[in-house]
Structures are given as structure tokens and as C-alpha cells.
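Everything below concerns the one structure shown next.
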Amino acid sequence: MADPTDTTRRVLLAAPRGYCAGVDRAVIAVERALEQYGPPIYVRHEIVHNKYVVRTLEQKGAIFVEETAEVPEGEIVIFSAHGVAPEVHREAERGRLATVDATCPLVTKVHKEAVRFAKDDYDILLIGHDGHEEVIGTSGEAPEHITLVDGPGDVAGLEVRDPEKVVWLSQTTLSVDETMETVTALKERFPALIDPPSDDICYATQNRQTAIKQVAADADLVLVVGSKNSSNSARMVEVALGAGADAAYLVDGAEEIDEAWLDGVTTVGLSSGASVPEILVDGVLEWLSARGFADVQLVQPMREHIQFSLPKELRRDLRAEAAAAKAAAR
Ligand code: 2E4
Ligand code: SF4
């Protein structure tokens, strides 16, 4: 809680925030595909859950569809960062589509864990949000072995074949604290439950939650920039409220901020989800500055250095293109 006698208006700007390595890779993949092959490029599902990103790519010639069946034969389709079930790859093959897989490598890691545990005949309890694209993709790797657990409330009703052979995995973008509550409840029911080989909640999700917690402890109001269907962004709002923010809101940009939220506020905490371009945070900072919140202090508990290489299909074609240009220049 901010000191009420302190009239200095300030912004606590969290870092890390915004684009993670998986989003950066996925957005660049669409841009490169548009440059390399020319529009239209089809993208199955929003490449990342952000309205601005989707609109900007649409303006450059990307066409977003929900199912591969909507893509005309022979065209190129990019799979979103959230991943797809193996059946979607087969559908694309049947439709004679060229594919670029922009699934985040950290989502692919969870898919591989699911395949491995299913092969060893485990029952897999997948903690995640019902209907979320990533959960649909991961579940599709081994539907007969995977049961969704959407929070501690689901634990009592679970049935497994052998309580001695159960493992839990999770969606990459969950609240760390809430997931641990679910795991505790699961372990009470299934004491032999095995943990994932490494954290499924990814580094970017964890870092953004740690940073927003630090900011929220000193903020009267927290603003998280992100779209409503972005799971990791929505979790940051919940984490901020849990960490002591008096109020916290998810906004797509400055235009969604309500002036009334600033009543009595001296410290605003600000961050953004993993799918959010920095230009939208800049817009919020300008909006706040125009209202007397010009003092911006960075709160950065850690730094990130992770980068992923582009999807292999694009790397292969980029290499071929570079070789052709080199040969032509000789
Ligand atoms: C893939 C995996 O999963 P969420 O709804 O948070 O996705 P969003 O597109 O907002 O963020 C990027 C992303 C993509 C996160 N994890
Ligand atoms: Fe990958 Fe994590 Fe970013 Fe999701 S939030 S795209 S899992 S790095």
C-alpha cells in the first residue's frame, strides 16, 4: 500500500515483461514466411493471444483460421505458439498443406513428456485450463492417458487406473502458486504421484509473476497489458491481487484504462504478458505521464537471455535462399 501522505505520483515498471523467446520466434516466423513466400500465409489459431499482433500480421497478409480444413489445398499454414495435437499435422498432410510449426519449444517439451509417460503406461494428470489451445494440443498427444485437472476443485472426482503409476504435467502459463495448491491436493489423494522431470510452467511465466509480485506489494493500482484470452497475462492480474495490489486490471492498451481507476492512486504498477509488444506498454506510459505519472522506476528482479532459433522449415528455406543468392552473385 502506498503512503497516503506521499503525493509523488510514480510508476513501478516491472521487468522482465512482454515478449518471451517463444513469442518472439513465432511472430518472426510469420513475418519471415510472408517475406519469403509472399501473402497469403495462413495461420492456424491466433499465432499468440494478442489482438494487436494478430491485426498487424493480418495487415501484412496473414490469414487466421481456426482449423486446417479452412486452408485451401497447396497453401502454407503456420501452427501457433500454443502447439497442436498430432492429428492436426495429419490433417495438414491430407490437405496437402505446407506447414511451419511455430509451437514454442517449451510447449513441445511438455508434449514429449506426455508421449514418454504414456508409452510407459502412466496415467497423466494435466493441470491446465479447460478449452485452452495449449491443453487441447498436449492432450492430443495421448488422449487415452491424459486427464485434465482444472484446479484443486477437480481433484476429488479424479479416477486413475493405478494410483501407484500417476504423473502430473501442466500448461506452461499457469499461476505458480495456484498450481502448487493443486499439486498438494493431488499428492494427498495419490501419494505416489510423480513430478514432471523439469518445470512445465516456463521460465517466462515464472519470471513475469515474480516481477509483478514485487511491484504489486508497493502499488495502489496494477495495470497488466494483455488480451483477455491470454492465459499468462490474466494470471499476472491474479498474482498482483494476491500479492497486495489494491486493484489490478488487464487492458489491451491505453484506450481501455478508466480514468476513475486513478482516484486516490499515487503508485501504479505496470507490466505486460508474454504475448504483448512493447509499443503497447509505451502507449500506457505516455497515457500515465499525461496524468502526472512521469516518474518511472524499473523493478527488475532478474534478467532473461533465452532465445530460440526459427522453426526448422523456415531455417531450411532461408538457407536454400541464401545459397541461391550467393551462387547468383558469383
Ligand atoms: C504459447 C505458450 O497460453 P497463453 O494464453 O498465455 O498464450 P499467449 O499467446 O498469450 O502467450 C504466448 C504463449 C504461447 C505462451 N505459452
Ligand atoms: Fe514458450 Fe513460455 Fe513464451 Fe509460452 S510463455 S511461448 S512456453 S517461452
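Label positions at L241 and L318, each projected 7 Å from the Cα along the C-beta direction, are separated by 4.1 nm.
Suppose every Lys and Arg Cβ carries +1 and every Asp and Glu Cβ carries -1, with no other charges. What dipole size does the chain come out with about its Cα centre, to the nearest 20 debye?
Dipole about the Cα centre, nearest 20: 1460 debye.
The distance separating the Cα centre of region 257-278 from that of region 74-119 comes to 36 Å. Cross-link partners for K112 among the lysines, with Cα-Cα distance under 20 Å and sequence neighbours closer than 8 places in the same chain left out: K165, K312. Here is the list for region 124-200: trypsin sites (Lys or Arg not before Pro) lying in DSSP coil, each with at most 15 other C-beta atoms within 10 angstrom of its C-beta, are R161. Taking the square roots of 5 times each eigenvalue of the Cα gyration tensor of region 99-208, largest first, gives ellipsoid semi-axes of 21, 17, 12 Å.
Hey, with R₀ at 45 Å, roughly what FRET efficiency would I194 and A294 work out to, going by the Cβ-Cβ distance, to 0.05? It comes out at approximately 0.30.
Shown is the FRET efficiency for R96 and E259, computed with R0 = 41 Å from the Cβ-Cβ distance and rounded to the nearest 0.05: 0.15. Compactness of region 210-330 was expressed as the Cα radius of gyration divided by 2.2 N^0.38 Å, which yields 1.46.
Residue-wise HN-Hα couplings along region 201-218, as the Karplus relation 6.51 cos²θ - 1.76 cosθ + 1.60 with θ = phi - 60° gives them from phi, are 5, 6, 4, 5, 4, 5, 5, 5, 6, 4, 5, 5, 4, 5, 5, 5, 4, 10 Hz; Gly and Pro carry x. Taking Cβ atoms as reference points and 11 Å as the exclusive limit, the residues near P39 contribute a net charge of -2, counting Lys and Arg as +1 and Asp and Glu as -1. When the Cα convex hull of the chain is projected onto planes of every orientation, the mean area is 20.0 nm².
Indicate the gyration tensor shape class of region 49-106 (rounded, prolate or oblate), computed on the Cα atoms with a ≥ b ≥ c the square roots of the eigenvalues: a/c under 1.5 is rounded; otherwise a/b larger than b/c is prolate and the rest oblate.
Here region 49-106 falls in the oblate category.
Roughly what percent of Cα-Cα pairs across region 131-266 reach past 27 Å? So the pairs more than 27 Å apart make up 32 percent of the total in region 131-266. Amide H to amide H distances under 5 Å link I201 with no residue, where only residues 5 or more positions off or on other chains count and H is placed in the peptide plane. For K326, the aspartates and glutamates whose Cα falls under 19 Å of its own Cα, not counting residues fewer than eight places away in the same chain, are E35, D317.
Proximity of backbone amide H atoms, modeled 1.01 Å from N, is registered between I127 and V149, L169, S170, Q171 at under 5 Å, excluding neighbours fewer than 5 places apart on the same chain. When you restrict to C-alpha pairs under 8 Å that are six or more residues apart and normalise by the size of the chain, the relative contact order lands at 25 percent. Since only V110, I78, A248 are under comparison, the one whose Cα sits farthest along the positive direction of the charge dipole of the chain, derived from C-beta charges on Lys, Arg, Asp and Glu, is I78. In summary, the lysines within cross-link reach of K51, defined as a Cα separation below 24 angstrom excluding same-chain residues under 8 places away, comprise K60, K228. Kirkwood radius, region 1-130, all distinct C-alpha pairs, inverse of mean reciprocal distance: 17.1 Å.
Read-outs: derived from the displayed coordinates by stated rules, not from any lab. What you are looking at is a predicted structure, and each value in this text was computed from that prediction instead of being measured. Note that we place each Cβ from the backbone using ideal geometry, even for glycine, and neighbour counts take in every protein chain shown.
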